């Protein structure tokens, strides 16, 4: 009698978030057996002319729907960095708080990564250009095109960063794809 192959490991589902008040990008990846693949991605939005409290409620409800649909094991967020426009930075901070609150209410751990850490994890260079990060996200996830808008691609990059930090998966994927056009 042949032994049955052991069942495949279930993997880890990671939700990456690029916070923003007008547009909040999200990217959901599955990390399993040394590989990552995109499960879902898109952009949550709020109406520009609506009062801020309504915009935050809208983002919260959309975030809860993404969490419910994808059932992630962890949430990874891009850490905020702003130096000139404090008003914009405050609005993004509020939206980020909504994402953290939704994840916390769902009982999920939240991890933060600075933009330089994301660039380093994805391209191997902390000062990489936006186009380099986009090309690597597309390559590493086997996508036919770079997700748009940029907030969505950034969210996938954050999710991939968490996959990298959590066990070196991304480093093995990069090595496996060397010589394939990047």
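All of the numbers you see were taken from the coordinates with simple rules; none came from a lab. Note that this is a predicted model, so its numbers are computed, not measured. Don't worry about glycine lacking a Cβ; one is built from the backbone with ideal geometry, like all the others, and counts go over all protein chains shown.
How high is the relative contact order of the stretch 12-177, given as a whole-number percent (alpha carbon pairs under 8 Å, six or more residues apart)?
Relative contact order of the stretch 12-177: 32 percent.
Taking 1 over the mean of 1/r across every pair of different Cα atoms in the stretch 12-177, what Kirkwood radius in Å do you get?
Every distinct Cα pair counted, the radius reaches 15.7 Å.
Which ordering of 41, 125 is given by a fewest-first count of other beta-carbon atoms within 10 Å? Each step should come with its number before you reach the end.
Values: 41 23, 125 12.
In increasing order of surrounding Cβ atoms, one gets 125, 41.
Mark the label point 7 Å from the Cα of residue 94 along Cα→Cβ and return the residues of the stretch 30-60 whose backbone N is within less than 17 Å of it.
Flagged as within label range: 45-60.
Taking the alpha-carbon centroid of each part, what is the distance from the stretch 91-163 to the stretch 22-80 in angstrom?
Using only Cα atoms to place each centre, the spacing works out to 11 Å.
Can you put 68, 135 in order of Cβ neighbours within 10 angstrom, beginning with the fewest?
Values: 68 9, 135 17.
By the 10 Å Cβ count, ascending: 68, 135.
Among 23, 37, 96, 49, rank each residue by its count of other Cβ atoms within 10 Å, from fewest to most, as a rough exposure measure. Kindly include the intermediate steps, with their values, before the conclusion.
Working: 23 17, 37 13, 96 22, 49 6.
With the fewest neighbours first, 23, 37, 96, 49 line up as 49, 37, 23, 96.
Quick one: go through the stretch 85-128 and flag any residue whose amide nitrogen is under 14 Å from the point 7 Å out along the Cα-to-Cβ line of residue 52.
Zone members listed by number: 86-98.
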